[in-house]
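Notes follow the structure.
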Amino acid sequence: MAAEVPSDALGRRVLCGTERATVRYVGSVPPTAGIWLGVEWDDPQRGKHDGTYEGTQYFKCRHPRGGSFIRPNKANFGVDFLTAVKDRYKLNDEQDVQHETKNTLVFGTRTVEFFGMDSAAVRRRQLNQLVDISVEKCAVSHAGQKEEISRICANTRHINLSKTLISSWETVTAIASQVQNLELLDISENKMKFPSTLTSVSGIFSKLRILALNRTEITWTEVLLCAPGWPALEALYLVCNKITALERPDNVLQTLKLLDLSKNQLLDGNQLHLIAQLPRLEKLILINTGISSIHFPDVGFGCKTKMFPSLKSLVINDNNISQWSSINELDKLPSLQLLQCYNNPFMDTEKNPETLRQLIIAKISQLEFLNKSEILPAERKGAELDYRKIFGNDWLAAGGNWNPEKNKPSEEFLAAHPRYLSLCLKYGPPEEGELKAQQPLTLKNQLLTLTIKCPEKPEQKPVEKKLPESMTVQRVKGLLYRLLKIPGSELKLSYESSKLEGKEVELDNDLKPLQFYSIENGDCVLVRW
């Protein structure tokens, strides 16, 4: 007996064994008898042709060998949402689950794991107590009895529908319309059809805060057509889609705090200007988007842009940013605190990773975390002092001067080093001695003459020591143990300098060398315990 083909089979998603495909044709294929399904496989290696057979084109494929004909009885058109849920949580099975299972929700680069969901559901025996429901990789293709979903999912807030057989946004809204308290929805890895015109879905997603649409082939235009239905959305994940051009999100996405556009080939960094007025956007993830530059043309250096007013975190790993000018531009962002910028060509201009980090820190004044590592006050101070010293000769050559009235470096220098003058105001301009040509790096030249003082132990007289600037704080503590007979673990070190009157800088990282803290000849190391 021939398998029945659904009336809406064309465009539906099907499962054939473990492989997924989209139905592109339903009908006869002469000279054979009976009905065939022409399918386009998700994995083109599974196919045989492009939809053409014996000189007749029955359907089209993106890949020249991405299509096949299969009999309807080989295609699984899927089940309704509740059937999949009951099967996943074994609610039709009275036997206890012997093994705890793990389900995951993936949002951009973050994975949230839910352990023991099956066993918990069996113990409770009540599906309507579930807050988190995952039917990831199940053959869900349609909603089913809507009233039944509403009754059973009364307490559900999180749903994972990723990698199912859902083929349209309409099916998603049919399910979501019956889940009154839905806050988190993942429908990633579903090749779906989205609305081509503005549709009214008022109230369906009124409480939705987190939405993942990774690998759904959605375009930015389609995002904006759906967005009016997401009035409370805070996080939107759009990884690896067809987004190549952005449009201004007028009156939509105004509550958005996180946007992930990773692995969409935006290419032109100026595209970002079109989403720069999102008022609450705090985190923007742009991994591997092909952008080569970042520019905020509304203000000059030393001023804060009106673009991205709330942006605190920016992730631009794996892009084509080759010029330091883009890093200079990031100092214009008024709220930026966290930056990740791994694997960009500009990083190849400096071979020493520590120096590279210092340059970035010195160029972006308010940064608190760089590449997942916290920037402590001492590190910022050291980076800024070193920056001021490294480029001091360039400053002089460009017209800089210790006399404030004559200090007029060229526009070219200020464009390359927009923070240099503010660093000179903060710490004073570099002294002439600091800018002399470097002597050969002999041990003698690397020795620092330091005074070691115990301010809380007046009976301990200050001593003068010559220490290598490469000596770590931990080794200094070892030296002090021999002098003071106090274990290094109990010692707290700081230093004071004539350049920082009234201030102490804590030596808070045992693994860092003295030069990391910009300690100089004549400074005083303070020891407490």
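The values are calculated or read from the model by the stated rules, or taken from the named source; none is laboratory data. Remember, predicted model here, so these are calculated numbers, not experimental data. Methodologically, a virtual Cβ is constructed for each residue, glycine included, from the backbone with ideal geometry; neighbour enumeration extends over all protein chains shown. Heavy atoms of the whole protein, side chains included, go into the accessibility calculation; ligands, DNA and RNA do not. Shrake-Rupley method; radii C 1.70, N 1.55, O 1.52, S 1.80 Å.
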Among the residues of the range 411-422, are any open to solvent by 50 Å² or more (accessible area, probe 1.4 Å), under 19 Å from GLN358 (Cα atoms) and touching a residue at least 12 places away in the same chain (Cβ under 8 Å)?
yes
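One line per residue, one yes/no per condition, for (1) outside any loop (DSSP other than H, G, I, E, B); (2) over 23 Å from ILE291 (Cα atoms); (3) at pLDDT below 95; (4) in the same structural domain as PHE516 (by the TED database):
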| position | (1), (2), (3), (4) |
| --- | --- |
| PHE308 | no, no, no, no |
| ASN317 | no, no, no, no |
| LEU333 | no, no, no, no |
| LEU367 | no, no, no, no |
| LYS381 | yes, yes, yes, no |
| GLY400 | no, yes, yes, no |
| GLU405 | no, yes, yes, no |
| ALA415 | yes, no, yes, no |
Quick one: is PRO487 at pLDDT below 90 and either surrounded by 15 or more Cβ atoms within 10 Å (Cβ to Cβ) or polar (S, T, N, Q) (or both)?
no
Is it the case, given these coordinates, that PHE296 is under 17 Å from the mean Cα position of the chain (by Cα), modelled with pLDDT of 95 or more, closer than 30 Å to TYR420 by Cβ and assigned to a loop (DSSP other than H, G, I, E, B)?
no
Would you confirm whether any residue within the range 72-85 is more than 21 Å from VAL135 (Cβ to Cβ) and either open to solvent by less than 50 Å² (accessible area, probe 1.4 Å) or among the β-branched types (Val, Ile, Thr) (or both)?
yes
Being touching a residue at least 60 places away in the same chain (Cβ under 8 Å) and not small (Gly, Ala, Ser) narrows it down to one of ASP260, ASP250, so name that one.
ASP260
Does ASN251 count as over 22 Å from ILE364 (Cβ atoms), outside the structural domain of THR171 (by the TED database) and not aliphatic (A, V, I, L, M)?
yes
Determine which member of the set ILE152, ILE187 is open to solvent by less than 20 Å² (accessible area, probe 1.4 Å) and modelled with pLDDT under 95.
ILE152
Mind counting the residues in the range 231-264 that are within 12 Å of the chain's Cα centre (by Cα) and open to solvent by 80 Å² or more (accessible area, probe 1.4 Å)?
1
In the range 20-62, which residues are aromatic (Phe, Trp, Tyr) and in a loop (DSSP other than H, G, I, E, B)?
TYR58, PHE59
